[in-house]
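Okay, so here's the structure we're looking at.
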Ligand code: M6P
Ligand code: ZN
């Protein structure tokens, strides 16, 4: 056994997603992910899109990494605010998402081009199997708050998503959110 951890507890504020103590906070603004939105370069501002607050442990396959994510409400063009999205570097590593507040979608895709869209909201527990890239999208008017836990050595591969995109995107339609084919997807 490499490192013996001591048990610890973190308080999670369900509405805001805030963790106490806050150990590892990452903020993503539009400027960190402009090319991931269809109309990202046409948007003059640099809004805060989301925050990820992590509970760090040694990133080994014996540990479970976890974090809360808070995505602000809003759109870039018609496309809802979303996370960058990633595959796990270790492709077979799985993840669990638990929704707390707001209304969202979990967009998943395999490298073979299959896709799935699952709901995220208070009480949703979603399983992300190995091999499925994942991105979350806030389709509501309030912040979307969820918790995620994954195998510690999973790693984040952002390049595959930057280069190929997801097969579908989620946009604001006349009667609410619509899942439409991504015109820039490269199979
Ligand atoms: C969830 C988890 C994290 C991830 C975060 C934001 O909390 O899947 O591992 O970092 O969402 O997503 P991304 O890394 O794609 O920006
Ligand atoms: Zn993941």
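Considered as a group, the residues in segment 39-56 that are assigned to a loop (DSSP other than H, G, I, E, B) and out of contact with any strand residue (DSSP E or B) (no Cβ under 6 Å at 6 or more places or on another chain) include one that is modelled with the highest pLDDT, and that residue is 47.
Could you say whether any residue in segment 110-117 is within 13 Å of ligand 1 (Cβ to nearest atom), surrounded by 15 or more Cβ atoms within 10 Å (Cβ to Cβ) and in a loop (DSSP other than H, G, I, E, B)? Within segment 110-117, none of the residues are within 13 Å of ligand 1 (Cβ to nearest atom), surrounded by 15 or more Cβ atoms within 10 Å (Cβ to Cβ) and in a loop (DSSP other than H, G, I, E, B). Considering (1) without any contact (Cβ under 8 Å) to a residue 40 or more places away in the chain; (2) touching a strand residue (DSSP E or B) at 6+ places or on another chain (Cβ under 8 Å); (3) surrounded by fewer than 20 Cβ atoms within 10 Å (Cβ to Cβ), the lone condition that residue 163 does not fulfil carries the number (2). Checked against (1) away from ligand 2 (no atom under 16 Å from the Cβ); (2) more than 12 Å from the chain's Cα centre (by Cα); (3) in a strand (DSSP E or B), residue 70 passes all but condition (2). One residue stands out among those in segment 129-142 that are under 13 Å from the mean Cα position of the chain (by Cα) and over 15 Å from residue 119 (Cα atoms): the one that is nearest to ligand 1 (Cβ to nearest atom), which is 133. Within segment 82-97, residues that are more than 14 Å from residue 64 (Cβ to Cβ) sit with their Cβ atoms under 7 Å from residues that are within 8 Å of ligand 2 (Cβ to nearest atom) and assigned to a strand (DSSP E or B), at 6+ positions apart or across chains, in these pairs: 85/134; 86/156; 89/156. Within segment 87-100, does at least one residue satisfy the condition of being crowded, with 19+ Cβ neighbours inside 10 Å, modelled with pLDDT of 95 or more and in contact with a helix residue (DSSP H, G or I) (Cβ under 6 Å, 6 or more places away or on another chain)? The answer is yes, given that some residue of segment 87-100 is crowded, with 19+ Cβ neighbours inside 10 Å, modelled with pLDDT of 95 or more and in contact with a helix residue (DSSP H, G or I) (Cβ under 6 Å, 6 or more places away or on another chain). In this structure, does residue 87 turn out to be under 16 Å from residue 161 (Cβ atoms), more than 10 Å from the chain's Cα centre (by Cα) and either within 14 Å of ligand 2 (Cβ to nearest atom) or in a strand (DSSP E or B) (or both)? Taking the combined requirement at face value, the residue satisfies it.
The values are calculated or read from the model by the stated rules, or taken from the named source; none is laboratory data. Remember, it's a predicted structure, so these values are computed and weren't measured experimentally. Cβ coordinates were reconstructed from backbone atoms using ideal geometry, including for glycine residues, and neighbour counts include every protein chain displayed.
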